[in-house]
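The values are calculated or read from the model by the stated rules, or taken from the named source; none is laboratory data. For clarity, every value in this text was computed on a predicted model and none was experimentally measured. Here Cβ is always computed from backbone atoms with ideal geometry, including for glycine, and neighbour counts include all displayed protein chains.
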């Protein structure tokens, strides 16, 4: 605030109070009484928090992005009883530049208070704290008489993806549920700070992403996602941008990797656990791998099978003298996603065989590609060792 004579208030002259979900800010009555009217708010100094709400768990970073206009002293401090042992200060940045000319106080069991004189940042800034103790914490930002808050609301429910500038995205709300299938993602995600994100244009998994009426997030069948989602307030989200890709684990639907949103930056899918609500039930995925321990009458055939949501009940190999399944070797049981190997016997020496792996679950049967190997020729007995004293009769030749 600035009075008629140009005197400027400090942050102590503004009283802020949180009641429920309402933030109330009012000038100090004592300051108003002691200064000459008219009193105005300084329009050249401003601070805005870009991501009001965050939900980091223990060991994760609490990143608050903010912008400022003008030049003034900046103070960042807890607005509750949180100490440096709860939220440990990690860094302050203006754009990509780390700020080092600050004063930090309260590092030993006290409130961690960061002060920067004459702060000026023409781009988005961020402050990072390491969450050492999860809980509901609030940061208070003071800048040239302006006050803003950022909130850390702890949640143990991990059905979320994290957007660096927009907070959590929920895949299973009371209104919408995201479904993952072998064709792609359908449904909507809810962003606490950005609203709905639609994962497919028509609600049917699979899209070419070539027209305004045919877009969506697609799955190549192996869990590698690509294509686009649309956020009502943030625009397009690319699930396979340069240098990254979102991938769904074919065993359990867990996600990893990052998507790129054109207006809010990276969305991180690496923190999701089992209760990230997705569905994916298809036949197994199978890869044939090179044979090993090749002898004259036996060889070890190798493969890998992913169960894709449903346990594998049979796995094995088909093989023949050409890429035709003449014989087989297999095993039954309840199998998870893993390598497996079997060694058929009775092979013919010096013969080329073609084989492929297969696996069966309740959704169907899948085969890997063919690979070939050749068995060793039959053994010809033990070697003969000749010494210098051995003499050969005329007409005897060694080959």
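Please find, among 259, 248, the residue that is buried (at least 20 other Cβ atoms within 10 Å of the Cβ), within 18 Å of residue 51 (Cβ to Cβ) and outside the structural domain of residue 49 (by TED's automatic domain parsing).
On the way: 248 fails: within 18 Å of residue 51 (Cβ to Cβ).
One residue alone meets the criteria, 259.
Among the residues that make up segment 172-179, is at least one of them at pLDDT 80 or above, surrounded by fewer than 22 Cβ atoms within 10 Å (Cβ to Cβ) and not in a loop (DSSP other than H, G, I, E, B)?
The answer is yes; a qualifying residue exists.
Condition check: outside any loop (DSSP other than H, G, I, E, B) and either at pLDDT below 85 or farther than 30 Å from residue 344 by Cβ (or both). Does residue 230 satisfy that?
yes
Condition check: within 13 Å of residue 87 (Cα to Cα), at pLDDT 85 or above and surrounded by 15 or more Cβ atoms within 10 Å (Cβ to Cβ). Does residue 129 satisfy that? Break it down into steps so the answer makes sense when it comes.
Working: within 13 Å of residue 87 (Cα to Cα): yes; at pLDDT 85 or above: yes; surrounded by 15 or more Cβ atoms within 10 Å (Cβ to Cβ): yes.
Considered against the rule, which asks whether it is within 13 Å of residue 87 (Cα to Cα), at pLDDT 85 or above and surrounded by 15 or more Cβ atoms within 10 Å (Cβ to Cβ), residue 129 comes out as yes.
Yes or no: residue 141 buried (at least 20 other Cβ atoms within 10 Å of the Cβ), at pLDDT 75 or above and outside any loop (DSSP other than H, G, I, E, B)? Break it down stepwise before answering.
Details: buried (at least 20 other Cβ atoms within 10 Å of the Cβ): yes; at pLDDT 75 or above: yes; outside any loop (DSSP other than H, G, I, E, B): yes.
When the stated conditions are applied, residue 141 passes them.
Filtering segment 345-372 down to residues that are assigned to a strand (DSSP E or B) and over 30 Å from residue 282 (Cβ atoms), which residue is modelled with the lowest pLDDT? Full working, then the answer.
Residues of segment 345-372 that are assigned to a strand (DSSP E or B), as a first pass: 345, 352-361, 364-367, 371-372.
Filter once more, keeping what is over 30 Å from residue 282 (Cβ atoms): 345, 352.
Numbers: 345: 92, 352: 97.
So the residue we want is 345.
Quick one: which residue in 196, 215 is surrounded by fewer than 18 Cβ atoms within 10 Å (Cβ to Cβ), touching a strand residue (DSSP E or B) at 6+ places or on another chain (Cβ under 9 Å), modelled with pLDDT of 90 or more and on the phi < 0 side of the Ramachandran plot?
That would be 196, the only listed residue that is surrounded by fewer than 18 Cβ atoms within 10 Å (Cβ to Cβ), touching a strand residue (DSSP E or B) at 6+ places or on another chain (Cβ under 9 Å), modelled with pLDDT of 90 or more and on the phi < 0 side of the Ramachandran plot.
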